[in-house]
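One structure is given below, encoded as structure tokens.
Bear in mind that the values in this text are calculations on the coordinates, not laboratory data. Given the structure is predicted, the values throughout are model-derived calculations rather than measurements. Glycine gets a Cβ as well: all are built from the backbone with ideal geometry, and neighbour counts include every protein chain shown.
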Amino acid sequence: MRSTVSRRNLAVVRNLGILAHVDAGKTTVTERMLYLTGMTHKRGEVHDGTTVTDFDSQERDRGITIFAAAVSCEWNGHRLTVIDTPGHVDFSDEVERSLRVLDGAVAVFDAVAGVEPQSESVWQRADRYGVPRIAFVNKMDRAGADLHAAVASIRERLHPVPLVVQLPIGAEGEFSGVVDLVEMRALIWGAGGPADLPVPDELMAEAIRQRRQLEEAVAERHSAALTEFCEHAELSADTLRTALRELTRTGEIVVVLCGAAYRNRGYRAVARRRGGVPAVAAGSTSGGRGGGGACGRSVGTACRPGLQGACDRDRSTHLRAPVFRCAG
Ligand SMILES: Nc1nc2c(ncn2[C@@H]2O[C@H](COP(=O)(O)OP(=O)(O)OP(=O)(O)O)[C@@H](O)[C@H]2O)c(=O)[nH]1
Ligand SMILES: [Mg+2]
């Protein structure tokens, strides 16, 4: 893939980690994001051993992630390096090494299980490294999926201020879309793909109620939003977006999105926050704190020797830090 992003312009370079407990769906979310950006032309599956980031033969045989794998792609004029990390406690050193270079992260949760032990552990580590996060409640299609229970467990066990910006449409096997509470539009997935539609009448009252709660929570924490809220008694989508982005960067809130990555539902919003660049990664101009920053590694370090075969597609798009296995 030919790069259109200047290699020198670190202002448009972002490292985005995907973190979670084992089996929450990190590799599946990563795979969908790579497909969305055009980095891949086919969505692989963990159980088929065809994902980009589970590149090692043991990972493919066992259907688990063992190594943190970094793949770079381009997205709205930014170079985004997505780092899929393992969830098994045995491989938590790989997560630790990834955290050092992250500009932001997506914490993935299982909509049935909510916060699980390893999500708690990686969350605390991300706190230690000051990595801004958004939460993606995945597997909304599973029996027993419950967004509000998952959010309650995030609040109780991880202690952030989670702000839900979507209202799910349907549940479990009937999960068919979300209402975007910022834009007040419905995204509904049908046979022909996702459709951007007006909020269904039967969900309008609940969507208005939840948007109001969101506006109040944002206005309490963001001064420009508070001013607008006092003057107009509501917040525009632009103000909400800007405030959510800024509050995410400072770690005052955690935006919560939901979906079912396996069914290709919801992951687009993860990538789309704020002008196509994930909100969690949108603020830094460091090009990754590993980009000659806190961890001291320099940009441009060659991919790991011995794994060059995996990097042949386009070495220039792969992460520089030799601590990572470069997949793809
Ligand atoms: N029903 C359902 N299954 C999913 C979804 N997303 C992922 N899965 C399945 O969950 C299993 C685990 O998914 P992975 O993407 O490997 O999870 P992971 O978090 O990367 O797992 P580790 O890297 O081993 O910690 C796979 O069988 C996926 O197909 C989803 O949205 N719904
Ligand atoms: Mg995985």
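Derived scalar couplings between HN and Hα for region 77-91 equal x, 10, 9, 10, 9, 8, 10, 8, 10, x, x, 5, 4, 4, 10 Hz in order, rounded to whole Hz, by the Karplus curve 6.51 cos²θ - 1.76 cosθ + 1.60 (θ = phi - 60°), x for Gly and Pro.
Dividing the convex hull volume of the alpha carbon atoms of region 61-110 by its residue count gives 107 Å³ per residue. A convex hull fitted around the alpha carbon atoms of region 88-198 yields 129 Å³ per residue. Here the spin labels are modelled as points 7 Å beyond Cα on the Cα-Cβ line, and at ARG125 and ASP238 they lie 4.1 nm apart. Taking all Cα pairs closer than 8 Å and separated by 6 or more residues, the relative contact order of region 126-258 comes to 32 percent. As an exercise, identify the trypsin sites (Lys or Arg not before Pro) in region 28-98 lying in DSSP coil whose Cβ has no more than 15 other Cβ atoms within 10 Å. Loop-located and lightly packed - LYS42.
DSSP assigns beta bridges within region 104-262; of those with both partners inside it, close to 55 percent run antiparallel.
Reported value for region 1-153: 120 Å³ per residue, from the convex hull of its C-alpha atoms. Of the GluC sites (Glu not before Pro) found in region 18-71, those in coil by DSSP whose Cβ has at most 15 other Cβ atoms within 10 Å are GLU45. Annotation note: GluC sites (Glu not before Pro) in region 217-261 located in DSSP loop regions with a Cβ neighbour count of at most 13 within 10 Å are GLU234. Size estimate for region 179-239 follows the Kirkwood approach: the inverse of mean 1/r over distinct Cα pairs works out to 12.6 Å.
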